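Report on the structure given below.
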Amino acid sequence: MSAAENAALSQEIVRAALERGAHLAGVARIDDLRESPSHRIFGLLEEYSGVGSTMALGRVHGQIDWPDKARSVIVIAVRHPEEAPHLDWWRDGLSGGTEGNRLLIDAGAELAAWLAAEHGIPARVLPYHIEKGGIFLKDAAVLAGLGCIGHNNILVTPEYGPRVRLRCLAVDVELESTGPTDFDPCDGCDMPCRAACPQSAMARIVRTQEEYGLEDLPGREGAYARDLCEEQMQTDVAGHESIVRGDDGEPGTLVRYCRRCETACWVGATPRK
Ligand code: B12
Ligand code: SF4
Ligand code: SF4
């Protein structure tokens with residue numbers, strides 16, 4: 001495939017993803033991802049077993065299971081606007097955990113079917129959890145040109161700000177990358193995202209360039225304290241709502257995790273009426 005054909009294929013894939021329910025999409029190269037900040041720093045950080053992680057036997061700290069033979073990932077994003085908060089709520093008995101995750105899983109499956117049928121390219125939707133073979137999705141999204149990492153330590157997109165959730169599909173074909181972009185709304189912003197945090201998780205520098213040998217640190221300059229954020233997640237778990245599970249009618253829980261650093265960002269916010 002010539003370089004021009006390759007670039008055209010990436011653009012065609014992005015269009016196909018948007019037609020299948022994704023609100024944003026892009027392509028990143030696995031070789032670039034391997035060198036990206038989260039993948040580089042992961043093994044250097046203290047081990048983490050809180051919310052967002054899962055048990056997997058026999059794993060080594062810092063282990064990433066790069067998908068076999070994969071050369072590129074397709075990143076898809078679904079928006080989670082504030083006026084649809086239910087998209088983000090974790091319900092027992094809901095396949096995918098949240099309604100937003102279901103939309104991502106369905107869009108990913110449809111895109112994989114299209115890639116196989118139209119181009120004979122097998123694609124695998126990667127798991128969410130790193131421990132189950134997932135990769136760091138924010139880095140993939142930045143490299144695919146969807147946006148940048150903000151002072152709130154999450155992906156900020158020009159269209160929807162940080163109010164998106166992400167998934168990746170791995171393909172064995174080396175596709176032209178669609179990013180990165182030089183979009184940077186944080187430059188000069190007075191950081192309402194940080195002020196909104198109930199745990200002051202980004203109030204001071206907790207990691208330094210000297211310590212990690214990396215310029216791109218959590219919260220950009222090392223200001224994101226994962227342990228404080230995790231404390232809020234545990235508070236949110238404790239404050240769950242009791243529900244009846246949709247799948248088997250058994251008692252279950254609904255958890256609304258904190259997302260104040262996300263919703264306080266002005267970028268892509270839906271104008272209030
Ligand atoms: C474990 C996890 C958590 C844990 C630990 C978080 C952590 N950051 O360590 C907890 C439960 C605390 C958590 C909290 C939240 N999470 Co979370 N989490 C994850 C998960 C599963 C892995 C993330 C992780 O461990 N990162 C590891 C460490 C190494 O990196 P990091 O601290 O995130 O910082 C890195 C980046 O900032 C990046 N970086 C910094 N500068 C630059 C520059 C460039 C160029 C690049 C490429 C990268 C880069 O490199 C840093 C390392 O230096 C991902 C899903 C996934 N598979 O990726 C979702 C994910 C990151 N979470 C997400 C969200 C939304 C949240 C919350 C808002 C809670 C919520 N309601 O969902 C908060 C936000 C906290 C915050 N401000 O960062 C979304 C982010 C969406 C977005 N817009 O970016 C993800 C992608 C899941 C999804 N469904 O899409 N999360
Ligand atoms: S509010 Fe948004 S634009 Fe401003 S610093 Fe925070 S993430 Fe960046
Ligand atoms: S998710 Fe909540 S606790 Fe965690 S950093 Fe954002 S505002 Fe702070």
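For the range 186-216, a residue qualifies if it is more than 27 Å from residue 44 (Cα to Cα) and either touching a Ser or Thr at 6+ places or on another chain (Cβ under 7 Å) or more than 8 Å from ligand 3 (Cβ to nearest atom) (or both), and the qualifying residues are 187, 188, 189, 190, 191, 192, 195. Residue 258 meets all of the listed conditions (1) of a type outside the set (Lys, Arg); (2) more than 19 Å from residue 97 (Cα to Cα); (3) outside any helix (DSSP H, G or I); (4) near ligand 3 (Cβ under 10 Å from one of its atoms) but one, namely (2). In this entry, residue 184 passes the filter for residues that are within 12 Å of ligand 1 (Cβ to nearest atom), part of a loop (DSSP other than H, G, I, E, B) and either surrounded by fewer than 17 Cβ atoms within 10 Å (Cβ to Cβ) or not acidic (Asp, Glu) (or both). Screening the range 217-229 for residues that are within 13 Å of ligand 3 (Cβ to nearest atom) and assigned to a loop (DSSP other than H, G, I, E, B) and picking the one that is nearest to residue 265 (Cα to Cα) gives 219. Taking the range 230-247 as the range and being in contact (Cβ under 8 Å) with a residue 24 or more places away in the chain, part of a helix (DSSP H, G or I) and in contact with a strand residue (DSSP E or B) (Cβ under 7 Å, 6 or more places away or on another chain) as the test, only 237 passes. When residue 203 is tested against (1) buried (at least 17 other Cβ atoms within 10 Å of the Cβ); (2) small (Gly, Ala, Ser); (3) free of Cβ contacts under 8 Å to residues at least 24 places away in the same chain, exactly one condition is not met: (1). Note on the range 1-47: residues that are more than 25 Å from residue 78 (Cβ to Cβ), outside any helix (DSSP H, G or I) and in contact (Cβ under 8 Å) with a residue 12 or more places away in the chain total 2. The set of residues from the range 64-73 being in contact (Cβ under 8 Å) with a residue 12 or more places away in the chain and either exposed (fewer than 13 other Cβ atoms within 10 Å of the Cβ) or within 16 Å of ligand 3 (Cβ to nearest atom) (or both) comprises just one member, 69.
Can you spot a residue in the range 187-197 that is touching a helix residue (DSSP H, G or I) at 6+ places or on another chain (Cβ under 6 Å) and away from ligand 2 (no atom under 14 Å from the Cβ)?
Step one: filter the range 187-197 for residues touching a helix residue (DSSP H, G or I) at 6+ places or on another chain (Cβ under 6 Å), giving 193, 196-197.
Okay, now just the ones that are also away from ligand 2 (no atom under 14 Å from the Cβ), so none.
No: the range 187-197 contains no residue that is touching a helix residue (DSSP H, G or I) at 6+ places or on another chain (Cβ under 6 Å) and away from ligand 2 (no atom under 14 Å from the Cβ).
A short reminder: the numbers here are calculations on the coordinates, not readings from a lab. Source: prediction; values computed, not measured. Quick reminder, even Gly has a Cβ in these numbers, built from the backbone with ideal geometry, and neighbours come from all protein chains shown.
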